[in-house]
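Novice: Quick one: this structure, given as structure tokens, is what I'll be asking you about.
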Ligand SMILES: Nc1ncnc2c1ncn2[C@@H]1O[C@H](COP(=O)(O)OP(=O)(O)O)[C@@H](O)[C@H]1O
Ligand SMILES: [Mg+2]
């Protein structure tokens, strides 16, 4: 006969028996909102409830994402922007520090602006502001990025020369209208005009502290030197046209250093904030614009940047800010402690975990899970508007991303005859990754092997030599007629295909018992 006995068990064990306690997850009605008006992210870890994000119940639409390199932050951002565009037609503006979104934005048909590679932003563009207001912003940026605050006389001289530069171009400093009496649009000055004004003052020889003047000129020159005058030419970037064209990537990777990148980032945020205020609220559902700052720690940690203003005011204008960083302490507290949602991917360092746990107040169980996450797994913290009786931090099994379209290439150069080369026959053929995967599956290849083949492309910069590719498929047991039909479908001529197979036979005979995968990796 059985006997009942009481034993002491840990809370954690008890918690895993979800018949006894409610699990650390919000109830389904907070997770599964109207799919036509929310963004699907993934399923919760314990009850597998599909989590659809909206900012309806949280304090604001802004998002922080933290996690070590490779944990899946940028992947999440891409997935999120894709779905926001689909569900709400949300536009996105990515301030892309390292140029890591460039390829993806191109693939999705968005617009890439590469500063430092032929695109310019005039720092003195007004973006709809009065010159006086814009001058204050420019000086504030200089204060953040240089030590000008320690030299009040140089600051004053610079400010005065910028004012003069606007006046010389026909602007009134406290006037928002930027047309002259004849109704013609005025062209703003550039930093080169400012430099000239300072130099003329020096030449006139009447100013009593020439050393201060010389230093001011030196400061401005850092932004006007030939080849580094990205902010000292008339803008080639029309901001007005960039906020409602879908996905825009401002690629800063071509700029020479962090100061230039931060200058571009700060200025963009200033313009975006002005635009936000000028546009006001509209009846559009969801979000109008998402501004992304990924790994832009130099501006994300700055309490004086306009990212903070967007966080304060964004909700009422349907503007959202997304900040991603490997280091949570590099995100200004004014941003971090005020965002409505935080996605925590894998975090390893104890001091970062301490910081997150103290700020967001989650359990030790959660902390332990966070330090063990695999790629794409995360904890979500939501700051609900009203007090809740459930855990505001919960685990997702995995961020269920959009598989991005990706092209693979087969190089056929090695099999072309001299005549074919002279005739200008194509040297590479491309196809879509998923096309290959689907095809391989229809040939009866197991999923794991399909992934192995795809990963070889990935390792070789998405290019494989066609002969190696054919040998590889044969080794996986695919019959020649099937291989032939695939090669034909991607556009390779019959005559070239014949050459490919004879070269393959020749190569195999010389390979002995070496593994083709090894041969490919060594190529
Ligand atoms: N949720 C996910 N599902 C599948 N693959 C993912 C997921 N998250 C990230 N990855 C893959 O992991 C790699 C690293 O992700 P990435 O977003 O670049 O990391 P991070 O920006 O945090 O450094 C990428 O190759 C990406 O495609
Ligand atoms: Mg990243």
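The values are calculated or read from the model by the stated rules, or taken from the named source; none is laboratory data. Model, not experiment: these values are computed from the prediction. As a convention, Cβ positions derive from the backbone with ideal geometry for all residues, glycine included, and neighbour counts pool all protein chains shown.
Yes/no matrix, rows are residues, columns are (1) at positive phi; (2) crowded, with 19+ Cβ neighbours inside 10 Å; (3) part of a loop (DSSP other than H, G, I, E, B); (4) within 16 Å of ligand 2 (Cβ to nearest atom):
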{"site": "75", "(1), (2), (3), (4)": "no, no, no, yes"}
{"site": "79", "(1), (2), (3), (4)": "no, yes, no, yes"}
{"site": "84", "(1), (2), (3), (4)": "no, yes, no, no"}
{"site": "92", "(1), (2), (3), (4)": "no, yes, no, yes"}
{"site": "95", "(1), (2), (3), (4)": "no, yes, no, yes"}
{"site": "100", "(1), (2), (3), (4)": "no, no, yes, yes"}
{"site": "106", "(1), (2), (3), (4)": "no, no, no, no"}
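Novice: All but one of (1) within 16 Å of ligand 1 (Cβ to nearest atom); (2) closer than 24 Å to residue 474 by Cβ; (3) out of contact with any helix residue (DSSP H, G or I) (no Cβ under 7 Å at 6 or more places or on another chain); (4) at pLDDT 85 or above hold for residue 450; state the number of the condition that does not hold.
Specialist: Going through (1) within 16 Å of ligand 1 (Cβ to nearest atom); (2) closer than 24 Å to residue 474 by Cβ; (3) out of contact with any helix residue (DSSP H, G or I) (no Cβ under 7 Å at 6 or more places or on another chain); (4) at pLDDT 85 or above one by one, residue 450 breaks only (3).
Novice: Go through 296, 262, 334, 278 for me and flag whichever is under 27 Å from residue 83 (Cβ atoms) and either crowded, with 21+ Cβ neighbours inside 10 Å or away from ligand 1 (no atom under 16 Å from the Cβ) (or both).
Specialist: Testing whether each residue is under 27 Å from residue 83 (Cβ atoms) and either crowded, with 21+ Cβ neighbours inside 10 Å or away from ligand 1 (no atom under 16 Å from the Cβ) (or both) leaves just 296.
Novice: Restricting to segment 409-426, name every residue that is buried (at least 18 other Cβ atoms within 10 Å of the Cβ), out of contact with any strand residue (DSSP E or B) (no Cβ under 6 Å at 6 or more places or on another chain) and outside any helix (DSSP H, G or I).
Specialist: 412
Yes or no, residue by residue, for (1) within 16 Å of ligand 2 (Cβ to nearest atom); (2) under 17 Å from residue 66 (Cα atoms); (3) over 30 Å from the mean Cα position of the chain (by Cα):
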{"site": "354", "(1), (2), (3)": "no, yes, no"}
{"site": "361", "(1), (2), (3)": "no, yes, no"}
{"site": "367", "(1), (2), (3)": "no, yes, no"}
{"site": "371", "(1), (2), (3)": "no, yes, no"}
{"site": "385", "(1), (2), (3)": "no, no, no"}
{"site": "389", "(1), (2), (3)": "no, no, yes"}
{"site": "412", "(1), (2), (3)": "no, no, yes"}
{"site": "420", "(1), (2), (3)": "no, no, yes"}
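Novice: Only one of 71, 114 is under 20 Å from the mean Cα position of the chain (by Cα) and within 16 Å of ligand 1 (Cβ to nearest atom). Can you tell me which?
Specialist: Values: 114 fails: within 16 Å of ligand 1 (Cβ to nearest atom).
Within the list 71, 114, the selection yields 71.
Novice: Same structure again: Please find, among 142, 126, 47, the residue that is in the same structural domain as residue 340 (by TED's automatic domain parsing) and either in a loop (DSSP other than H, G, I, E, B) or at pLDDT below 95 (or both).
Specialist: 47
Novice: Considering every residue within segment 457-464, establish whether at least one is closer than 30 Å to residue 39 by Cβ and assigned to a loop (DSSP other than H, G, I, E, B). Show your work before the answer.
Specialist: Looking only at segment 457-464, we keep the residues that are closer than 30 Å to residue 39 by Cβ, and these are 458, 462.
Going one step further and asking which of them are assigned to a loop (DSSP other than H, G, I, E, B), we end up with 462.
Yes, because at least one residue in segment 457-464 is closer than 30 Å to residue 39 by Cβ and assigned to a loop (DSSP other than H, G, I, E, B).
Novice: Same structure, new question: Look at segment 51-73 and say how many of its residues are part of a strand (DSSP E or B) and modelled with pLDDT of 95 or more. Lay out the reasoning, then the answer.
Specialist: Step one: of segment 51-73, the residues part of a strand (DSSP E or B) are 51-53, 58, 63-66.
Next, from what is left, pick out any that are modelled with pLDDT of 95 or more: 51-53, 63-66.
Going through segment 51-73 one residue at a time, the tally reaches 7.
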